[in-house]
Each structure stands twice: as structure tokens, then as C-alpha cells.
Amino acid sequence: MNPDFQQYQAQTGPHPLGLEIDRASGSYLYDTRGKAYLDFIAGVSACTLGHCHPAVVQAVQEQAARYMHVMVYGEFALEPAVTLCRELAAALPAPLESTYLVNSGTEAMEGALKLARRVTGRSRIVAARNAYHGNTLGSLSLMDYETRKAPFRPLIPDIRHLRFNHLEDLNRIDRHTAAVVLETIQGGAGFILPEPGYLQAVKRRCEATGALLILDEIQPGFGRTGSLFAFTQHGCVPDVVVMGKGMASGLPVGAFTASREHMKTLSESPQLGHITTFGGNPVVAAAALATLRELRAGWLMEQALAKEQTFRAMLAHPLISEVRGRGLMLALIMEDAQVANYLVTESLKRGLLLFWLLFEPRAVRISPPLTLSEAEIQEGCTLILELLEAYPGTGVN
Ligand SMILES: Cc1ncc(COP(=O)(O)O)c(C=O)c1O
């Protein structure tokens with residue numbers, strides 16, 4: 001590992017993977033020694049169209065040569081950003097038609113929280129246990145892991161928690177609640193899908209109490225689960241949808257979309273209620289627009305569901321207790337955390353990129369580019385099975 005990496009670049013933990021990447025293309029990364037890695041994680045659900053997709057590269061190159069940053073967000077009518085917002089509105093159900101573009105998922109969540117306070121005049125936020133919405137102070141406040149929160153207190157007050165998928169907890173949402181924030185599919189917790197009818201029940205409770213429903217689609221969003229956003233599969237339209245990660249196929253981005261009426265509260269009394277320098281950056285917006293168009297014009301979203309079936313059919317093994325998730329947002333729940341660690345570290349040595357989930361130590365993430373081919377799925381799954389067969393100390397082989 002390049003010693004300067006840990007010497008000069010601030011770290012997130014003591015054991016980074018430390019790969020030194022030379023280039024990337026399609027479903028493969030290549031390290032500086034020329035070794036190829038089949039990418040089953042897509043930069044943690046970010047590289048929707050794979051690496052250096054020609055449509056994204058072209059959009060970025062053309063826009064970079066035309067103009068890059070020219071003004072702070074919201075002052076100039078920059079064509080890539082305006083078109084992106086218009087096409088997003090066309091892809092979303094009413095009344096989700098006004099999009100605020102920012103630079104990351106957590107920043108989009110911060111904006112959504114401010115919007116909910118502003119619209120309702122209330123402060124209380126209800127979030128789910130085991131949820132992850134980002135790492136800035138507001139998003140971090142929504143988390144219920146005290147060990148991760150305590151060192152950073154005081155955080156924002158008036159946060160309540162409910163258990164995801166527990167209808168009996170919906171009475172925590174009351175007339176003091178500004179917003180309920182949920183991941184449409186719980187990511188860090190282990191790719192947990194909402195039970196049929198759950199999100200609709202949450203929405204009804206929100207309507208009854210005057211709270212907004214904010215759905216965090218940062219991970220399932222942008223086609224990963226078979227539709228542009230997962231919530232459309234659950235017969236429920238949130239008041240605010242929050243997106244990021246895969247939206248621009250690998251460029252830093254985030255956004256939150258709401259009704260025009262609600263969104264106006266951030267630009268009136270006070271004016272400049274939410275501002276950002278780089279939000280809506282034209283190069284990033286061009287990449288997001290290329291991604292959106294590619295998804296809407298082709299079959300990648302539908303194919304994500306067919307590819308899920310290939311993964312599920314292949315990944316039957318006694319050490320895999322369960323395959324969770326939907327489309328190409330899948331988590332292998334291994335027999336225990338040790339097997340999960342073994343699989344991630346050994347597959348890396350053999351040229352397959354897998355990764356962990358934040359809060360479920362038994363999980364191995366599979367969130368590849370949507371462009372991953374059936375042959376590449378076979379290749380990666382064959383290696384996974386081979387490694388599991390060779391797992392020491394189980395007596396499986
Ligand atoms: C569901 C969810 N929300 C929010 C975030 C935060 O996004 P970002 O890392 O871009 O701030 C993430 C990132 O992993 C996420 O998975």
C-alpha cells in the first residue's frame with residue numbers, strides 16, 4: 001500500500017483496503033500492477049452505469065470543455081442542471097416536481113430535514129432504528145447507535161426512533177412530528193425490504209398527523225432495484241425523496257425533490273434558506289442527466305431484476321443463510337461474521353471486489369454496476385462458491 005496514503009490522507013479506519021487503482025472500465029478495476037478486479041460493489045452503489053461508461057464520459061468531457069463552475073447554486077439557469085431537474089420531474093410521480101441539487105447524500109438529507117422544519121413549523125423527527133442517512137451532524141442525529149453518536153454530542157434535539165416494519169410503533173408519529181425519515185430499503189441494517197403495506201401505513205399516519213414523509217433513496221435509487229426509485233414499487237409517494245450515490249454514475253452528487261409549493265419555503269422568508277456553492281455543478285449535472293437518460297431509454301432497470309434471479313440461483317450454499325435485498329442491491333447473510341470477513345478478504349486477493357455493510361457484520365454486499373453482464377455474474381459467483389467450498393474449519397467440503 002502506498003505509505004503516503006495513510007501518512008497524509010486522513011483515514012476512516014485502521015484497516016483500509018488500500019487498493020491503488022490505475023484505471024477502470026465497465027465492470028472492472030485495474031490496479032497499478034495491472035491486476036483486474038471484477039467489481040461487485042460499484043463504489044458502494046455509486047457507479048450505476050459501470051466505470052467510464054461512454055455516455056457519461058462524453059457528457060462530462062463535452063460539458064467540461066464548455067463551462068464548469070460559473071456561479072453558486074440557484075443564480076444562473078445552467079442548462080444541464082435545469083434539464084436534469086425537468087427530466088427528474090417527468091420521471092417522478094406528482095407532486096414531486098421541484099429538485100434541489102447538492103453535492104452528496106448527507107447534504108441532501110440535511111436539506112430535506114430543513115425543508116420539513118420549514119414546511120411544518122415543527123422540530124421533531126422520527127427515524128428508524130438501524131438506519132443510516134449520512135455522517136454530517138443532522139444526518140448523524142437520526143442514527144440510533146449511541147456509540148457512534150456520543151462522541152459528537154450535542155447533536156440536533158427532538159429525534160425519536162421507531163422499529164422499521166413495526167406497525168405498532170407508528171403511534172410515535174404525532175402532531176409534534178415534522179417528518180418521518182426512512183430508507184425505502186434499509187441499507188446498513190442488512191438490505192431489509194419494507195413489508196407489503198408498511199410504507200403506505202406510514203404515509204397514512206403522516207397524513208393524519210401533518211408530518212412529512214421523507215424517503216431516503218440514496219442507495220436503492222437510480223434504478224438499482226428495478227425502478228428508478230424503490231418507493232414506486234410500494235404504492236406510496238413520499239413528500240420528499242432524497243437521492244445521491246448512483247445518480248451521476250460516479251460523480252459526487254445529491255438531491256432532494258418535493259412539491260414546488262413545499263420547496264418554495266426554502267427560498268422565501270427567509271430568502272436563501274438553503275444555499276450551496278457547488279450544488280448543481282454543470283459537469284456533475286451532465287453526468288447525472290446522461291445516467292438518467294440511459295436508464296430511462298434502455299432496459300437496465302428491468303434487467304436488474306433478471307440479474308437478481310441469476311445471483312439468487314447461483315448463490316445457494318450452506319454458508320449463505322439468506323440472500324436479502326432486491327434487484328442489484330443484494331446482501332449475502334453469511335452464517336457468521338467470520339465467514340463474511342473471510343469472503344470479502346479472500347475474494348479481493350482473487351480479483352473480486354465485495355464489501356461489508358455498516359451495521360450487519362454477517363453481511364456481504366453485492367451492489368454491482370447495473371451494466372454487469374450475465375457472464376460476469378457467473379464469473380463472480382463461481383469464485384464466491386469456490387471460496388466458500390474452501391472455507392477452513394466448517395467441514396462443508
Ligand atoms: C441510505 C443512505 N443515506 C445516506 C447516505 C449518505 O450519503 P453520502 O455518503 O453521499 O453522504 C448513504 C451512504 O452510504 C446511504 O446509504
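The values are calculated or read from the model by the stated rules, or taken from the named source; none is laboratory data. These numbers were taken from a predicted model, which means no experiment stands behind them. Cβ atoms come from the backbone with ideal geometry, glycine included; neighbour counts cover every protein chain shown. Side chains included, ligands, DNA and RNA excluded: accessible areas come from the protein's heavy atoms. Shrake-Rupley method; radii C 1.70, N 1.55, O 1.52, S 1.80 Å.
Annotations
- The peptide list 359-367, 230-238, 145-153, 56-64, put in order of mean Cβ contacts within 10 Å with the highest first, becomes 359-367, 230-238, 56-64, 145-153.
- Put the Cα centre of region 293-343 next to the Cα centre of region 7-79 and the gap is 23 Å.
- Under the simplified labelling scheme, the VAL57-THR345 pair shows an inter-label distance of 3.6 nm, with each label point 7 Å from Cα along Cα→Cβ.
- Shown in residue order for region 217-225 are the 3J(HN,Hα) couplings computed by the Karplus curve 6.51 cos²θ - 1.76 cosθ + 1.60 at θ = phi - 60°: 10, 4, 9, x, x, 6, x, 5, 10 Hz (x for Gly and Pro).
- Note on LEU251: accessible area is roughly 50 Å² with a 1.4 Å probe, heavy atoms of protein only.
- For region 359-374, 3J(HN,Hα) per residue [Karplus equation, 6.51 cos²θ - 1.76 cosθ + 1.60, θ = phi - 60°, Hz, x = Gly/Pro]: 10, 10, x, 8, 8, 10, 7, 10, 9, x, x, 5, 7, 3, 8, 4
- Remark on ALA131: its backbone amide H falls under 5 Å from those of ASP144, a criterion applied only to residues 5 or more positions apart or on other chains, H modelled at 1.01 Å from N.
- Part-to-part distance (alpha-carbon centres) for region 159-190 and region 208-237, which is given in Å: 14
- Take every pair of alpha-carbon atoms less than 8 Å apart whose residues are at least six positions apart; their mean separation over the length of region 320-373 yields a relative contact order of 36 percent.
- Helix 282-297 axis, angle to the chain major axis (alpha carbon atoms, nearest 10°): 70
- On the beta carbon distance between VAL72 and THR12, with R0 = 30 Å, the FRET formula returns roughly 0.55.
- Number of Lys-Lys pairs in the chain with C-alpha atoms under 22 Å apart and a separation of 8 or more places or on different chains: 6.
- Beta bridge orientation in region 55-297: antiparallel %, DSSP, nearest 5: 35
- Folded to 0 to 90 degrees: helix 198-209 orientation relative to the chain principal axis, Cα: 20
- Ligands, DNA and RNA are left out, and with a 1.4 angstrom probe the accessible area of region 55-297 is 41 Å² per residue.
- Carbon and sulfur %, accessible surface of region 55-297 computed with the full protein complex present, 1.4 Å: 54
- Rounded if a/c under 1.5, otherwise prolate or oblate - region 179-285, Cα gyration tensor axes: oblate
- Ranked packing of 262-274, 102-114, 290-302, most packed first, by mean Cβ within 10 Å: 102-114, 290-302, 262-274
- Protection proxy ranking of 116-129, 315-328 - average other beta-carbon atoms within 10 Å, highest first: 116-129, 315-328
- Under 5 Å, built H, 5+ apart or other chain: amide partners of LEU352: LEU38
- Residues LYS35, LYS203, ordered by accessible area of protein heavy atoms at a 1.4 angstrom probe radius and largest first, appear as LYS35, LYS203.
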